[in-house]
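The values are calculated or read from the model by the stated rules, or taken from the named source; none is laboratory data. Everything numeric here is computed off the predicted structure, so don't read it as measured data. Neighbour counts run over all protein chains shown; Cβ positions are idealised from the backbone, glycine included. These accessible areas exclude ligands, DNA and RNA; they are computed on the full protein's heavy atoms, side chains included. Shrake-Rupley method; radii C 1.70, N 1.55, O 1.52, S 1.80 Å.
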Amino acid sequence: MDTLLHPLTSSMAKRPCPSSAENPMLPSFFSQMDNLLLSFLSLSDSSPPVSLDLSFDRLLESAPSDADQSLLIDRAHNLGSLLLRAANRSARKRASLHNSIAWALPPDLTIKVFSMLDSQSLCYAAATCSMFNKCAMDPLCYANIDLTTVVPKVNNAVVSTMIQRAGKSFRSLKLGIVPGPTSSPGSCQPLVYSIRNSVDVSSFSWNDKKTRQGKESSILTRSCLYPLSGDNGAAGTLLRRLHLYNIERMDNASLCVALAACPSLLDLEIVGLHVELRQTLMSVSSNCHLIERLFFESSKTGRDDSLKSPTCVDLVNNCPNISYLSLRGFKLHDYKVRILVKGFRKLKYADFSTSYSISGTFLRNLGSGFGGNLLEVLILRDCMHLKEVEVARFLTAVLAGDFKFLRYLDISNREGLASEGDWYQRSYNSSIIPLKQVLEVRPNICLLAEFPSEGCYIDIDHMFDSDVNSEISLPSQLSSHTSDGSLLMSSSESSYNSDQGSGNEEYQVSGFVIYEESSDEVDFLVV
(Lines give C-alpha, C1' and ligand atoms only; values in the text may rest on other atoms or scores of the structure.)
Protein backbone atom coordinates (compact mmCIF):
# COMPACT_ATOMS: atom_id res chain seq x y z
CA MET A 1 0.00 0.00 0.00
CA ASP A 2 2.63 2.52 1.05
CA THR A 3 4.89 1.58 -1.83
CA LEU A 4 2.35 2.78 -4.42
CA LEU A 5 2.34 6.29 -3.04
CA HIS A 6 6.14 6.77 -2.93
CA PRO A 7 7.41 8.98 -5.77
CA LEU A 8 8.68 6.99 -8.69
CA THR A 9 11.60 7.85 -10.93
CA SER A 10 11.27 10.77 -13.30
CA SER A 11 11.19 8.40 -16.25
CA MET A 12 7.59 7.57 -15.33
CA ALA A 13 6.35 11.03 -16.31
CA LYS A 14 6.43 10.28 -20.02
CA ARG A 15 7.68 6.83 -20.67
CA PRO A 16 8.40 5.74 -24.23
CA CYS A 17 7.31 2.42 -25.61
CA PRO A 18 10.49 0.74 -26.87
CA SER A 19 10.75 -2.98 -27.43
CA SER A 20 11.99 -5.26 -24.67
CA ALA A 21 15.13 -6.02 -26.71
CA GLU A 22 16.26 -2.39 -26.43
CA ASN A 23 15.82 -2.32 -22.66
CA PRO A 24 15.90 -5.72 -20.90
CA MET A 25 14.89 -4.05 -17.63
CA LEU A 26 11.38 -3.17 -18.91
CA PRO A 27 9.76 -6.59 -18.38
CA SER A 28 10.78 -6.63 -14.73
CA PHE A 29 9.65 -2.99 -14.31
CA PHE A 30 6.22 -3.70 -15.81
CA SER A 31 5.94 -6.80 -13.68
CA GLN A 32 6.67 -4.77 -10.57
CA MET A 33 4.06 -2.15 -11.55
CA ASP A 34 1.49 -4.83 -12.32
CA ASN A 35 2.10 -6.50 -8.97
CA LEU A 36 1.76 -3.21 -7.12
CA LEU A 37 -1.48 -2.37 -8.89
CA LEU A 38 -2.81 -5.88 -8.36
CA SER A 39 -2.01 -5.67 -4.68
CA PHE A 40 -3.82 -2.36 -4.41
CA LEU A 41 -6.89 -3.61 -6.30
CA SER A 42 -6.93 -6.85 -4.28
CA LEU A 43 -7.84 -4.97 -1.13
CA SER A 44 -11.17 -6.17 0.21
CA ASP A 45 -14.13 -3.85 -0.18
CA SER A 46 -15.04 -4.67 3.41
CA SER A 47 -11.79 -3.18 4.69
CA PRO A 48 -12.54 -0.14 6.81
CA PRO A 49 -11.72 3.13 5.00
CA VAL A 50 -9.87 4.26 8.09
CA SER A 51 -7.06 1.84 7.23
CA LEU A 52 -6.28 3.83 4.06
CA ASP A 53 -6.38 7.04 6.04
CA LEU A 54 -4.02 5.71 8.69
CA SER A 55 -1.61 4.36 6.09
CA PHE A 56 -1.53 7.68 4.27
CA ASP A 57 -1.02 9.56 7.55
CA ARG A 58 1.97 7.37 8.38
CA LEU A 59 3.50 8.15 5.01
CA LEU A 60 3.03 11.87 5.60
CA GLU A 61 4.60 11.66 9.04
CA SER A 62 7.59 9.84 7.63
CA ALA A 63 8.22 12.62 5.12
CA PRO A 64 11.18 14.75 6.28
CA SER A 65 9.78 18.15 5.27
CA ASP A 66 6.59 20.00 4.54
CA ALA A 67 7.49 20.19 0.83
CA ASP A 68 7.83 16.42 0.72
CA GLN A 69 4.42 16.04 2.34
CA SER A 70 2.84 18.35 -0.25
CA LEU A 71 4.55 16.40 -3.00
CA LEU A 72 3.17 13.16 -1.59
CA ILE A 73 -0.37 14.55 -1.47
CA ASP A 74 -0.12 15.78 -5.06
CA ARG A 75 1.22 12.40 -6.07
CA ALA A 76 -1.78 10.69 -4.48
CA HIS A 77 -4.15 12.99 -6.38
CA ASN A 78 -2.40 12.36 -9.69
CA LEU A 79 -2.30 8.59 -9.26
CA GLY A 80 -5.94 8.52 -8.28
CA SER A 81 -6.89 10.54 -11.37
CA LEU A 82 -4.76 8.35 -13.63
CA LEU A 83 -6.30 5.21 -12.21
CA LEU A 84 -9.82 6.60 -12.64
CA ARG A 85 -9.19 7.57 -16.26
CA ALA A 86 -7.68 4.18 -17.00
CA ALA A 87 -10.72 2.46 -15.50
CA ASN A 88 -13.13 4.62 -17.51
CA ARG A 89 -11.20 4.06 -20.72
CA SER A 90 -11.13 0.31 -20.21
CA ALA A 91 -14.85 0.28 -19.38
CA ARG A 92 -15.60 2.09 -22.63
CA LYS A 93 -13.45 -0.34 -24.61
CA ARG A 94 -15.22 -3.31 -23.04
CA ALA A 95 -18.63 -1.77 -23.65
CA SER A 96 -17.75 -1.01 -27.28
CA LEU A 97 -16.51 -4.57 -27.78
CA HIS A 98 -19.65 -5.93 -26.18
CA ASN A 99 -21.86 -3.72 -28.33
CA SER A 100 -20.07 -4.71 -31.52
CA ILE A 101 -20.66 -8.37 -30.66
CA ALA A 102 -24.22 -7.99 -29.35
CA TRP A 103 -25.37 -5.52 -32.04
CA ALA A 104 -26.97 -7.57 -34.78
CA LEU A 105 -26.31 -5.19 -37.67
CA PRO A 106 -22.97 -4.71 -39.38
CA PRO A 107 -21.57 -1.15 -39.56
CA ASP A 108 -22.79 -0.49 -43.12
CA LEU A 109 -26.41 -1.37 -42.23
CA THR A 110 -26.16 0.60 -38.99
CA ILE A 111 -25.08 3.63 -40.99
CA LYS A 112 -28.00 3.05 -43.35
CA VAL A 113 -30.43 3.04 -40.42
CA PHE A 114 -28.85 6.15 -38.92
CA SER A 115 -29.16 7.93 -42.26
CA MET A 116 -32.95 7.59 -41.95
CA LEU A 117 -33.07 9.39 -38.59
CA ASP A 118 -33.73 13.08 -38.17
CA SER A 119 -30.68 15.07 -37.15
CA GLN A 120 -31.60 15.43 -33.49
CA SER A 121 -32.23 11.69 -33.07
CA LEU A 122 -28.94 11.02 -34.82
CA CYS A 123 -27.10 13.17 -32.26
CA TYR A 124 -28.79 11.30 -29.43
CA ALA A 125 -27.78 7.96 -30.92
CA ALA A 126 -24.19 9.14 -31.38
CA ALA A 127 -23.98 9.98 -27.67
CA THR A 128 -24.89 6.49 -26.47
CA CYS A 129 -21.65 4.59 -27.13
CA SER A 130 -18.42 4.83 -29.10
CA MET A 131 -19.59 2.27 -31.66
CA PHE A 132 -22.72 4.28 -32.46
CA ASN A 133 -20.67 7.48 -32.41
CA LYS A 134 -18.31 6.11 -35.02
CA CYS A 135 -21.21 5.02 -37.25
CA ALA A 136 -22.98 8.36 -36.75
CA MET A 137 -19.94 10.27 -38.01
CA ASP A 138 -20.30 8.73 -41.48
CA PRO A 139 -21.18 11.41 -44.09
CA LEU A 140 -24.13 9.33 -45.32
CA CYS A 141 -25.88 10.00 -42.00
CA TYR A 142 -25.93 13.72 -42.85
CA ALA A 143 -27.08 13.45 -46.44
CA ASN A 144 -30.57 14.62 -45.45
CA ILE A 145 -30.23 17.20 -42.69
CA ASP A 146 -33.43 18.03 -40.79
CA LEU A 147 -32.97 20.83 -38.28
CA THR A 148 -36.62 21.91 -37.99
CA THR A 149 -37.89 22.53 -34.47
CA VAL A 150 -41.07 23.72 -32.76
CA VAL A 151 -39.22 26.44 -30.81
CA PRO A 152 -35.91 28.14 -31.70
CA LYS A 153 -33.05 25.85 -30.69
CA VAL A 154 -30.62 25.76 -33.63
CA ASN A 155 -28.00 28.34 -34.51
CA ASN A 156 -25.80 28.99 -37.54
CA ALA A 157 -22.86 27.00 -36.16
CA VAL A 158 -24.94 23.82 -35.92
CA VAL A 159 -26.00 24.21 -39.56
CA SER A 160 -22.40 24.72 -40.66
CA THR A 161 -21.18 21.70 -38.69
CA MET A 162 -23.85 19.41 -40.10
CA ILE A 163 -23.11 20.48 -43.68
CA GLN A 164 -19.40 19.93 -43.12
CA ARG A 165 -20.05 16.43 -41.84
CA ALA A 166 -22.20 15.61 -44.85
CA GLY A 167 -19.36 16.32 -47.25
CA LYS A 168 -20.04 15.02 -50.73
CA SER A 169 -23.11 13.09 -49.51
CA PHE A 170 -25.07 16.31 -48.90
CA ARG A 171 -28.48 16.22 -50.59
CA SER A 172 -31.18 17.81 -48.45
CA LEU A 173 -31.52 20.59 -45.87
CA LYS A 174 -34.61 21.41 -43.79
CA LEU A 175 -34.20 24.37 -41.51
CA GLY A 176 -36.29 26.66 -39.31
CA ILE A 177 -39.36 26.71 -37.10
CA VAL A 178 -42.42 24.57 -37.88
CA PRO A 179 -45.51 25.61 -35.84
CA GLY A 180 -46.23 22.17 -34.40
CA PRO A 181 -46.69 18.46 -34.99
CA THR A 182 -50.18 18.98 -36.46
CA SER A 183 -48.78 21.07 -39.31
CA SER A 184 -47.17 19.38 -42.24
CA PRO A 185 -45.72 20.86 -45.40
CA GLY A 186 -48.19 20.63 -48.24
CA SER A 187 -51.27 20.64 -46.03
CA CYS A 188 -53.93 23.35 -46.12
CA GLN A 189 -53.04 24.49 -42.62
CA PRO A 190 -50.82 27.60 -42.67
CA LEU A 191 -47.21 26.99 -41.71
CA VAL A 192 -46.35 30.63 -41.05
CA TYR A 193 -45.09 31.13 -37.51
CA SER A 194 -44.19 34.15 -35.44
CA ILE A 195 -42.81 34.04 -31.94
CA ARG A 196 -44.69 37.21 -31.20
CA ASN A 197 -48.21 36.01 -31.68
CA SER A 198 -48.98 32.41 -32.46
CA VAL A 199 -47.31 29.83 -30.25
CA ASP A 200 -49.10 27.94 -27.51
CA VAL A 201 -46.40 26.95 -25.02
CA SER A 202 -48.72 25.24 -22.56
CA SER A 203 -47.44 21.81 -23.57
CA PHE A 204 -43.73 22.76 -23.60
CA SER A 205 -41.34 21.64 -20.91
CA TRP A 206 -39.86 24.14 -18.49
CA ASN A 207 -36.56 24.11 -20.36
CA ASP A 208 -38.35 24.93 -23.63
CA LYS A 209 -40.19 27.80 -21.96
CA LYS A 210 -37.04 29.09 -20.31
CA THR A 211 -35.13 29.24 -23.57
CA ARG A 212 -37.89 31.36 -25.09
CA GLN A 213 -37.91 34.02 -22.38
CA GLY A 214 -36.69 37.37 -23.66
CA LYS A 215 -36.24 36.14 -27.22
CA GLU A 216 -38.19 37.76 -30.02
CA SER A 217 -36.64 35.99 -33.01
CA SER A 218 -35.02 32.77 -34.09
CA ILE A 219 -31.40 32.07 -33.26
CA LEU A 220 -30.84 31.50 -36.96
CA THR A 221 -29.73 34.59 -38.85
CA ARG A 222 -29.50 35.54 -42.51
CA SER A 223 -26.01 34.01 -42.69
CA CYS A 224 -27.24 30.52 -41.80
CA LEU A 225 -27.10 29.51 -45.48
CA TYR A 226 -23.59 30.82 -46.15
CA PRO A 227 -22.09 27.28 -45.99
CA LEU A 228 -23.97 26.54 -49.23
CA SER A 229 -22.05 29.20 -51.14
CA GLY A 230 -18.75 28.84 -49.27
CA ASP A 231 -15.79 26.88 -50.68
CA ASN A 232 -16.82 27.90 -54.21
CA GLY A 233 -20.34 26.59 -53.65
CA ALA A 234 -19.25 22.97 -53.19
CA ALA A 235 -22.08 22.17 -50.75
CA GLY A 236 -24.75 24.04 -52.73
CA THR A 237 -23.86 22.22 -55.93
CA LEU A 238 -24.79 18.91 -54.28
CA LEU A 239 -28.07 20.11 -52.79
CA ARG A 240 -31.32 18.70 -54.19
CA ARG A 241 -33.88 19.74 -51.55
CA LEU A 242 -34.04 22.98 -49.55
CA HIS A 243 -36.86 23.70 -47.08
CA LEU A 244 -36.82 26.92 -45.04
CA TYR A 245 -39.41 27.71 -42.38
CA ASN A 246 -40.00 30.97 -40.53
CA ILE A 247 -36.41 32.23 -40.33
CA GLU A 248 -37.30 35.76 -39.34
CA ARG A 249 -33.91 37.33 -40.07
CA MET A 250 -33.58 35.90 -43.56
CA ASP A 251 -33.65 38.54 -46.30
CA ASN A 252 -33.79 38.60 -50.09
CA ALA A 253 -30.05 39.09 -50.59
CA SER A 254 -29.05 36.13 -48.42
CA LEU A 255 -31.65 33.83 -49.95
CA CYS A 256 -30.68 34.78 -53.50
CA VAL A 257 -26.99 34.11 -52.75
CA ALA A 258 -27.92 30.67 -51.44
CA LEU A 259 -30.11 29.85 -54.45
CA ALA A 260 -27.36 30.96 -56.81
CA ALA A 261 -25.16 28.26 -55.29
CA CYS A 262 -27.76 25.50 -55.85
CA PRO A 263 -27.96 24.79 -59.61
CA SER A 264 -29.12 21.19 -59.06
CA LEU A 265 -32.00 22.06 -56.75
CA LEU A 266 -35.15 20.00 -57.40
CA ASP A 267 -37.34 20.86 -54.41
CA LEU A 268 -37.65 24.33 -52.86
CA GLU A 269 -40.00 25.10 -49.98
CA ILE A 270 -40.15 28.56 -48.41
CA VAL A 271 -42.53 29.40 -45.58
CA GLY A 272 -42.83 32.59 -43.56
CA LEU A 273 -39.62 34.26 -44.73
CA HIS A 274 -39.63 38.03 -45.12
CA VAL A 275 -38.61 37.86 -48.75
CA GLU A 276 -40.29 39.20 -51.87
CA LEU A 277 -42.02 36.80 -54.25
CA ARG A 278 -40.76 38.46 -57.43
CA GLN A 279 -37.08 38.52 -56.41
CA THR A 280 -37.23 34.94 -55.17
CA LEU A 281 -38.81 33.65 -58.38
CA MET A 282 -36.31 35.62 -60.44
CA SER A 283 -33.48 33.93 -58.54
CA VAL A 284 -35.06 30.51 -59.02
CA SER A 285 -35.57 31.22 -62.70
CA SER A 286 -31.95 32.29 -63.14
CA ASN A 287 -30.22 29.56 -61.14
CA CYS A 288 -32.44 26.53 -60.52
CA HIS A 289 -33.35 25.30 -63.99
CA LEU A 290 -33.92 21.69 -62.87
CA ILE A 291 -36.45 22.48 -60.15
CA GLU A 292 -39.54 20.27 -60.06
CA ARG A 293 -41.30 21.34 -56.87
CA LEU A 294 -41.84 24.93 -55.69
CA PHE A 295 -43.74 25.69 -52.48
CA PHE A 296 -43.88 29.30 -51.30
CA GLU A 297 -46.08 30.60 -48.48
CA SER A 298 -46.13 34.31 -47.72
CA SER A 299 -45.32 35.63 -44.25
CA LYS A 300 -47.91 38.41 -44.70
CA THR A 301 -51.04 37.10 -46.34
CA GLY A 302 -52.30 39.17 -49.24
CA ARG A 303 -49.74 41.99 -49.01
CA ASP A 304 -47.11 40.83 -51.50
CA ASP A 305 -48.13 42.20 -54.91
CA SER A 306 -44.60 42.18 -56.34
CA LEU A 307 -45.01 39.45 -58.97
CA LYS A 308 -44.97 40.70 -62.57
CA SER A 309 -45.94 38.94 -65.78
CA PRO A 310 -42.38 38.94 -67.24
CA THR A 311 -41.20 37.10 -64.11
CA CYS A 312 -43.90 34.48 -64.66
CA VAL A 313 -42.87 34.07 -68.30
CA ASP A 314 -39.19 33.71 -67.37
CA LEU A 315 -40.01 31.13 -64.73
CA VAL A 316 -42.05 29.08 -67.21
CA ASN A 317 -39.34 29.22 -69.87
CA ASN A 318 -36.35 28.59 -67.60
CA CYS A 319 -37.89 25.99 -65.27
CA PRO A 320 -39.99 23.74 -67.53
CA ASN A 321 -39.84 20.73 -65.22
CA ILE A 322 -42.04 22.15 -62.49
CA SER A 323 -44.85 19.69 -61.75
CA TYR A 324 -45.72 20.95 -58.24
CA LEU A 325 -46.49 24.64 -57.74
CA SER A 326 -47.83 26.18 -54.54
CA LEU A 327 -48.01 29.95 -54.05
CA ARG A 328 -50.03 30.59 -50.91
CA GLY A 329 -51.04 33.91 -49.43
CA PHE A 330 -49.85 36.19 -52.24
CA LYS A 331 -51.80 38.85 -54.11
CA LEU A 332 -51.94 37.03 -57.42
CA HIS A 333 -53.97 38.15 -60.42
CA ASP A 334 -55.73 35.71 -62.71
CA TYR A 335 -53.69 36.50 -65.80
CA LYS A 336 -50.45 35.81 -63.92
CA VAL A 337 -51.78 32.54 -62.57
CA ARG A 338 -52.90 31.55 -66.05
CA ILE A 339 -49.39 32.17 -67.42
CA LEU A 340 -48.02 29.79 -64.81
CA VAL A 341 -50.65 27.06 -65.06
CA LYS A 342 -50.79 27.06 -68.85
CA GLY A 343 -47.04 27.47 -69.24
CA PHE A 344 -45.91 24.51 -67.12
CA ARG A 345 -46.66 21.57 -69.39
CA LYS A 346 -45.88 19.02 -66.65
CA LEU A 347 -47.91 20.69 -63.89
CA LYS A 348 -49.90 18.20 -61.80
CA TYR A 349 -50.27 19.99 -58.49
CA ALA A 350 -51.41 23.62 -58.14
CA ASP A 351 -52.17 25.34 -54.84
CA PHE A 352 -53.10 29.02 -54.67
CA SER A 353 -54.76 29.00 -51.25
CA THR A 354 -55.49 32.39 -49.61
CA SER A 355 -54.46 34.19 -52.78
CA TYR A 356 -56.22 37.48 -52.47
CA SER A 357 -56.98 38.62 -56.02
CA ILE A 358 -57.88 35.36 -57.79
CA SER A 359 -61.44 35.47 -59.11
CA GLY A 360 -61.29 32.21 -61.05
CA THR A 361 -61.21 33.55 -64.61
CA PHE A 362 -57.91 31.75 -65.18
CA LEU A 363 -59.88 28.48 -65.07
CA ARG A 364 -61.66 29.19 -68.35
CA ASN A 365 -60.67 26.74 -71.11
CA LEU A 366 -57.86 25.55 -68.90
CA GLY A 367 -58.41 21.87 -69.58
CA SER A 368 -58.18 22.11 -73.35
CA GLY A 369 -54.86 21.86 -75.18
CA PHE A 370 -51.53 21.90 -73.40
CA GLY A 371 -51.06 23.30 -69.95
CA GLY A 372 -53.52 22.54 -67.16
CA ASN A 373 -54.88 19.36 -68.71
CA LEU A 374 -52.57 17.20 -66.58
CA LEU A 375 -53.71 18.70 -63.28
CA GLU A 376 -54.34 16.12 -60.59
CA VAL A 377 -54.67 18.47 -57.61
CA LEU A 378 -56.11 21.99 -57.59
CA ILE A 379 -56.47 23.90 -54.32
CA LEU A 380 -58.20 27.29 -54.20
CA ARG A 381 -59.10 27.33 -50.52
CA ASP A 382 -60.01 30.69 -48.97
CA CYS A 383 -59.39 32.78 -52.08
CA MET A 384 -61.25 35.94 -51.12
CA HIS A 385 -62.43 36.96 -54.61
CA LEU A 386 -63.11 33.50 -56.03
CA LYS A 387 -66.47 33.79 -57.81
CA GLU A 388 -69.16 31.14 -57.68
CA VAL A 389 -69.90 31.56 -61.40
CA GLU A 390 -66.28 30.75 -62.31
CA VAL A 391 -66.33 27.69 -60.06
CA ALA A 392 -69.58 26.60 -61.72
CA ARG A 393 -68.03 26.98 -65.18
CA PHE A 394 -65.00 24.98 -64.12
CA LEU A 395 -67.08 22.10 -62.74
CA THR A 396 -69.23 22.17 -65.87
CA ALA A 397 -66.04 21.67 -67.89
CA VAL A 398 -65.18 18.73 -65.63
CA LEU A 399 -68.60 17.22 -66.36
CA ALA A 400 -67.94 17.73 -70.06
CA GLY A 401 -64.83 15.55 -69.86
CA ASP A 402 -62.04 18.06 -69.32
CA PHE A 403 -59.41 17.58 -66.60
CA LYS A 404 -59.47 13.81 -66.92
CA PHE A 405 -56.61 13.39 -64.44
CA LEU A 406 -58.13 15.58 -61.74
CA ARG A 407 -58.52 13.67 -58.48
CA TYR A 408 -58.54 16.39 -55.80
CA LEU A 409 -60.30 19.79 -55.83
CA ASP A 410 -60.66 22.19 -52.90
CA ILE A 411 -62.83 25.29 -53.35
CA SER A 412 -63.69 25.72 -49.67
CA ASN A 413 -63.98 29.26 -48.39
CA ARG A 414 -64.60 30.25 -44.80
CA GLU A 415 -66.10 33.53 -45.99
CA GLY A 416 -68.16 32.12 -48.82
CA LEU A 417 -67.73 32.56 -52.57
CA ALA A 418 -68.05 35.95 -54.21
CA SER A 419 -71.12 36.70 -56.27
CA GLU A 420 -70.78 37.70 -59.92
CA GLY A 421 -71.86 41.32 -59.59
CA ASP A 422 -70.54 42.31 -56.17
CA TRP A 423 -67.92 40.55 -54.08
CA TYR A 424 -69.53 42.03 -50.95
CA GLN A 425 -72.42 39.70 -51.64
CA ARG A 426 -71.28 36.27 -50.50
CA SER A 427 -72.63 32.89 -51.53
CA TYR A 428 -72.71 30.17 -48.89
CA ASN A 429 -74.78 27.49 -50.59
CA SER A 430 -74.75 28.06 -54.31
CA SER A 431 -77.35 26.30 -56.40
CA ILE A 432 -75.54 26.92 -59.69
CA ILE A 433 -72.47 24.88 -58.72
CA PRO A 434 -73.04 21.25 -59.85
CA LEU A 435 -71.34 19.58 -56.90
CA LYS A 436 -73.58 16.49 -56.76
CA GLN A 437 -73.44 15.97 -60.50
CA VAL A 438 -69.62 16.03 -60.47
CA LEU A 439 -69.46 13.48 -57.65
CA GLU A 440 -71.86 11.22 -59.53
CA VAL A 441 -70.07 11.44 -62.88
CA ARG A 442 -66.52 11.52 -61.43
CA PRO A 443 -66.66 9.48 -58.20
CA ASN A 444 -62.85 9.28 -58.13
CA ILE A 445 -62.56 13.03 -57.42
CA CYS A 446 -62.18 14.18 -53.84
CA LEU A 447 -64.17 17.42 -53.86
CA LEU A 448 -64.01 19.75 -50.87
CA ALA A 449 -66.53 22.58 -50.81
CA GLU A 450 -66.86 23.70 -47.19
CA PHE A 451 -68.65 27.00 -46.60
CA PRO A 452 -69.98 28.71 -43.47
CA SER A 453 -73.65 28.95 -42.66
CA GLU A 454 -75.48 31.81 -44.33
CA GLY A 455 -75.32 35.01 -42.33
CA CYS A 456 -72.09 34.08 -40.54
CA TYR A 457 -69.90 36.19 -42.79
CA ILE A 458 -67.86 38.78 -40.94
CA ASP A 459 -69.21 42.28 -41.09
CA ILE A 460 -67.36 43.99 -43.95
CA ASP A 461 -67.50 47.53 -42.56
CA HIS A 462 -66.18 46.36 -39.22
CA MET A 463 -63.42 44.52 -40.99
CA PHE A 464 -62.34 47.59 -42.94
CA ASP A 465 -62.14 49.63 -39.75
CA SER A 466 -59.55 47.26 -38.29
CA ASP A 467 -55.86 48.06 -38.33
CA VAL A 468 -54.60 46.01 -41.25
CA ASN A 469 -51.00 46.78 -40.47
CA SER A 470 -51.05 45.21 -37.04
CA GLU A 471 -48.85 42.14 -36.74
CA ILE A 472 -49.72 41.34 -33.13
CA SER A 473 -52.85 39.30 -32.47
CA LEU A 474 -54.26 38.12 -29.20
CA PRO A 475 -55.50 34.53 -29.00
CA SER A 476 -59.06 35.72 -28.49
CA GLN A 477 -58.87 37.68 -31.75
CA LEU A 478 -57.47 34.95 -33.93
CA SER A 479 -60.63 33.16 -34.97
CA SER A 480 -64.35 32.75 -34.59
CA HIS A 481 -66.51 29.76 -35.27
CA THR A 482 -69.73 29.41 -37.18
CA SER A 483 -72.68 27.35 -36.05
CA ASP A 484 -71.63 24.39 -38.21
CA GLY A 485 -68.02 24.45 -36.99
CA SER A 486 -66.52 26.28 -39.96
CA LEU A 487 -63.69 28.60 -39.05
CA LEU A 488 -63.92 32.27 -40.02
CA MET A 489 -60.99 34.67 -40.20
CA SER A 490 -61.15 37.57 -37.82
CA SER A 491 -60.34 41.10 -38.85
CA SER A 492 -56.76 40.79 -37.58
CA GLU A 493 -56.15 37.51 -39.42
CA SER A 494 -57.70 38.50 -42.74
CA SER A 495 -56.12 41.92 -42.91
CA TYR A 496 -55.72 41.63 -46.65
CA ASN A 497 -59.49 41.96 -47.05
CA SER A 498 -59.20 45.71 -46.82
CA ASP A 499 -58.64 46.04 -50.58
CA GLN A 500 -62.12 46.44 -52.04
CA GLY A 501 -61.07 45.88 -55.62
CA SER A 502 -61.08 42.53 -57.33
CA GLY A 503 -57.36 42.74 -57.94
CA ASN A 504 -57.74 42.07 -61.69
CA GLU A 505 -57.01 45.55 -62.90
CA GLU A 506 -55.46 46.19 -66.29
CA TYR A 507 -51.85 44.95 -66.50
CA GLN A 508 -49.05 47.51 -66.43
CA VAL A 509 -45.36 46.64 -66.87
CA SER A 510 -43.78 47.87 -64.07
CA GLY A 511 -16.34 25.00 -38.31
CA PHE A 512 -17.29 23.13 -35.31
CA VAL A 513 -18.88 24.77 -32.31
CA ILE A 514 -18.33 24.13 -28.59
CA TYR A 515 -21.42 24.01 -26.39
CA GLU A 516 -21.62 24.16 -22.65
CA GLU A 517 -23.27 21.04 -21.32
CA SER A 518 -25.29 23.08 -18.86
CA SER A 519 -26.87 25.12 -21.63
CA ASP A 520 -30.32 24.18 -22.88
CA GLU A 521 -30.10 26.72 -25.69
CA VAL A 522 -29.40 24.17 -28.40
CA ASP A 523 -30.72 20.63 -28.40
CA PHE A 524 -28.65 19.58 -31.40
CA LEU A 525 -25.46 18.59 -29.61
CA VAL A 526 -22.39 18.26 -31.78
CA VAL A 527 -20.88 14.99 -30.61
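Can ASP305 be described as surrounded by fewer than 22 Cβ atoms within 10 Å (Cβ to Cβ) and at pLDDT 95 or above?
Here the answer is no, as ASP305 does not meet what is asked.
Every residue in segment 66-111 that is closer than 12 Å to PHE132 by Cα and among the charged types (D, E, K, R), please.
Of everything in segment 66-111, just one residue is closer than 12 Å to PHE132 by Cα and among the charged types (D, E, K, R), namely ASP108.
Based on this model, can you work out whether LEU140 counts as modelled with pLDDT of 90 or more, in a strand (DSSP E or B) and touching a Ser or Thr at 6+ places or on another chain (Cβ under 9 Å)?
no
Would you mention how many residues in segment 143-166 are in a strand (DSSP E or B) and out of contact with any helix residue (DSSP H, G or I) (no Cβ under 6 Å at 6 or more places or on another chain)?
Matching residues across segment 143-166 total 3.
Every residue in segment 268-298 that is hydroxyl-bearing (Ser, Thr, Tyr) and closer than 19 Å to ILE379 by Cα, please. Please lay out each step first, then the result.
Quick first cut of segment 268-298, residues hydroxyl-bearing (Ser, Thr, Tyr) only: 280, 283, 285-286, 298.
SER298 - this is the single residue of segment 268-298 that is hydroxyl-bearing (Ser, Thr, Tyr) and closer than 19 Å to ILE379 by Cα.
For ASP267, state whether it is open to solvent by 10 Å² or more (accessible area, probe 1.4 Å), out of contact with any strand residue (DSSP E or B) (no Cβ under 6 Å at 6 or more places or on another chain) and farther than 20 Å from VAL151 by Cα. Reasoning before the result, please.
Numbers: open to solvent by 10 Å² or more (accessible area, probe 1.4 Å): yes; out of contact with any strand residue (DSSP E or B) (no Cβ under 6 Å at 6 or more places or on another chain): no; farther than 20 Å from VAL151 by Cα: yes.
Answer is no for this residue.
Tell me which of these TYR124 doesn't satisfy, since it passes every other one: (1) within 22 Å of LEU173 (Cα to Cα); (2) more than 23 Å from the chain's Cα centre (by Cα); (3) not acidic (Asp, Glu).
(2)
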